[in-house]
1. For region 339-427, just say rounded, prolate or oblate: build the C-alpha gyration tensor, square-root its eigenvalues into a ≥ b ≥ c, call rounded for a/c under 1.5, and beyond that prolate if a/b exceeds b/c, oblate if not.
2. For region 413-495, give the percent of accessible area contributed by carbon and sulfur heavy atoms, probe 1.4 Å, rounded to a whole number.
3. Tell me, what is the percent relative contact order of region 420-474, built from C-alpha pairs under 8 Å that lie six or more residues apart?
4. Tally Lys/Arg at +1 and Asp/Glu at -1 over every other residue whose Cβ is under 9 Å from the Cβ of residue 11; what's the total?
5. Plugging the Kirkwood radius over Cα pairs into Stokes-Einstein for region 413-495, at a temperature of 37 °C and a viscosity of 0.692 mPa s, what D comes out in µm²/s?
6. Given axes a ≥ b ≥ c from the Cα gyration tensor, I'd like to know whether region 1-151 is rounded (a/c under 1.5), prolate (a/b larger than b/c) or oblate.
7. Quote the convex hull volume per residue of region 265-323, based on C-alpha atoms, as a whole number of Å³.
8. Can you compute the radius of gyration and Dmax for region 325-484, using only the Cα atoms, both in Å?
Amino acid sequence: AGPGLARSRFAVVGGGIAGVTCAEKLAAEFPSEDIFLMTASPVIKAVTNFKQVSKTLEEFDVEEQPSSLLEKRYPNIKVIQSGVKQLKSDEHKIFTEDGKEYRYEKLCLCAGAKPKLIFEGNPYVLGIRDTDSVQAFQKKLAQAERIVVVGNGGIALELVYEIQGCEVIWAIKDKAIGNTFFDAGAAEFLIPKLTAEKGEAPIECKRTKYTTEGSEEKERPTAASDKLGSALGPDWHDGLHLKGTKEFSHKVHIEILCEVKKIHLQQEFIQLQRTSLTFPKDEKNVEPDEVLWPVYVELTNGKIYGCDFIVSATGVVPNVEPFLDGNNFTVGEDGGLKVDEHMRTSLPDIYAAGDICTASWEPSPVWHQMRLWTQARQMGWYAAKCMAADALGESIDLDFSFELFAHVTKFFSYKVVVLGKYNAQGLGLDHELMLRCTKGREYVKVVMQNGRMMGAVLIGETDLEETFENLILNQMDLSAYGEDLLNPDIDIEDYFD
């Protein structure tokens, strides 16, 4: 190799969950090979406290760690702390920002995704998706009286629930909150929690924050913070004191079926000579002229609200930019690199896993891709298995984790389990729903098609996840049970164990 060219059998790009899991698995499979892990950030994301809860459900924490810890655990992982400038796939070479080049035999791209901002480059719009942006958000929130939150996924949902002492206008494009995870019924079940006074003290943060030097006090170098961080963990808001300036606890107003049409800075708004609205109350809700906000949000339903800043929590776009130039990747409709059932992209010897990829195999009828922690871990692990099998000329079957979509998380301090086609995704009108709900305690919804269970949403401590997982996986005909399937007096597990 010429000067400055390092070579390795396996290289992985990305220090998030998919990349780190992939590198760890490769390091374990090939203990005598050096595995290159390239990451723009000084810290990596590691899976800790992993628990396999059932056949397909898993729980784990995500922890930021200095990359030196990863190299301690796996001495054959070499972390290269630099962003990727260019990929030359025909030469099997990667060029990093710091001017070095690396040669690989097999490469896995796990560069994640970045927040989809509603308006790029507006100082009043904060995209939230990673730990750094949450800290920036907290600093701003401390001075805020009113914010507008845009988006309806898991992060928006949790954010709105956690914010105290600040008016929140929440703009969602759907009819009900939390559409990515559940339906209007589940939303109705959760809404009382938004207005309830929260008495319990915030839980301390489980994740230890490391700085580059490994010391707690020093701030992160600012240059690193505008780089892409990795996505948030399921408990990212624990121990963050999300409190605004006002003394009340929750004040949330939801504007449904709308999106942001325009954002006006204060001067632009004054010139518009239009009226903005106060936080909705019963009386006249036009803001008095003397009240001025730093920024104004005009919604597609015609309403204008002033606020201190806007939080854009509108999902992510796969971070494919650095890799496309000069390489003929096949890209999916969602902007991700298309991968086949062995996590291979359209280019030889290049694999992809996690948020950057788009699963393009014929999926199981009860699995679909969602850009979640669990899938990033599963895909990273499986991609490493596939790279190993290909390198050794062995064959490999699609991993069992892709048989059934299964995810467990917490919303509004309830345990939430979603299984299969929990929102009847892709089932058209040919399905029926069954519900059981105890206000404030549990919400159970089952999606049925032709007498077979296709999906379920379980909120609260229902203890039904394993039974339902089995019923969805074995596609047993349940027509005979009718409504009794959800009858709380019948112990359904007795039937199906």
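1. On the way: a/c = 2.32, a/b = 1.93, b/c = 1.20.
Prolate, since a/c reaches 1.5 and a/b exceeds b/c.
2. Details: 1800 of 3950 Å².
C and S atoms contribute 46 percent here.
3. Dividing the mean separation by the residue count of region 420-474 yields 32 percent.
4. +2
5. 255 µm²/s
6. Numbers: a/c = 2.42, a/b = 1.49, b/c = 1.62.
The shape class here is oblate.
7. Taking only Cα atoms, region 265-323 has a hull volume of 139 Å³ per residue.
8. So, for region 325-484, Rg and Dmax equal 18.1, 59 Å respectively.
The values are calculated or read from the model by the stated rules, or taken from the named source; none is laboratory data. As the structure is a computational prediction, the values presented were derived from the model and not from experiment. Don't worry about glycine lacking a Cβ; one is built from the backbone with ideal geometry, like all the others, and counts go over all protein chains shown. Side chains included, ligands, DNA and RNA excluded: accessible areas come from the protein's heavy atoms. Shrake-Rupley method; radii C 1.70, N 1.55, O 1.52, S 1.80 Å.
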